[in-house]
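Since the structure comes first, as structure tokens, the remarks are kept for the end.
The values are calculated or read from the model by the stated rules, or taken from the named source; none is laboratory data. Given the structure is predicted, the values throughout are model-derived calculations rather than measurements. Because the Cβ atoms are built from the backbone with ideal geometry, glycine has one as well, and the counts that use them run over all protein chains shown.
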């Protein structure tokens, strides 16, 4: 897939699989576009999760393009947004209800009652841990010496 259509409408399970493949193939900008499509077309209670994941993909894009400062900022901002969504306190533009916002889990959080720990097969805790680790390493050591494989974290648990 050379280009992600601007008007892509994609369900969560399909978005998770496609974004995972693109991330593992070293194409985080394309993964960002898929995650952004899921954020824009998905249910309101999942939008902050998808937006945060898209921000992490942009952070990976910055890292691949040599922008250490942008990489650290977006990796952290995205991880923070995902964690806030999991906790049910993510910013909600124009939404008065937090219902369902805590349906995903990750580092340091528990699944909401009756909700799966890994939405759509995504290993969110590991993805966030990889993002946090990468941001800390880039901030400490810069981008030199970061292996390309470390810029291609997987999103799915069983991929």
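A few points about this structure:
- Some residue of the range 67-80 being in a loop (DSSP other than H, G, I, E, B), surrounded by fewer than 17 Cβ atoms within 10 Å (Cβ to Cβ) and at pLDDT 95 or above: yes
- Here residue 63 does not qualify as under 18 Å from residue 124 (Cα atoms) and part of a helix (DSSP H, G or I).
- Among residues of the range 23-33 being within 10 Å of residue 57 (Cα to Cα) and in contact with a helix residue (DSSP H, G or I) (Cβ under 7 Å, 6 or more places away or on another chain), the one that is surrounded by the fewest Cβ atoms within 10 Å (Cβ to Cβ) is 29.
- Qualifying residue in the range 141-154 (condition: under 11 Å from the mean Cα position of the chain (by Cα), closer than 25 Å to residue 14 by Cα and surrounded by fewer than 22 Cβ atoms within 10 Å (Cβ to Cβ)): yes
- Residue 19 being farther than 27 Å from residue 144 by Cβ and buried (at least 17 other Cβ atoms within 10 Å of the Cβ): yes
- Summed over the range 5-20, residues that are assigned to a helix (DSSP H, G or I), in contact with a helix residue (DSSP H, G or I) (Cβ under 8 Å, 6 or more places away or on another chain) and either without any contact (Cβ under 8 Å) to a residue 60 or more places away in the chain or over 17 Å from residue 157 (Cα atoms) (or both) total 1.
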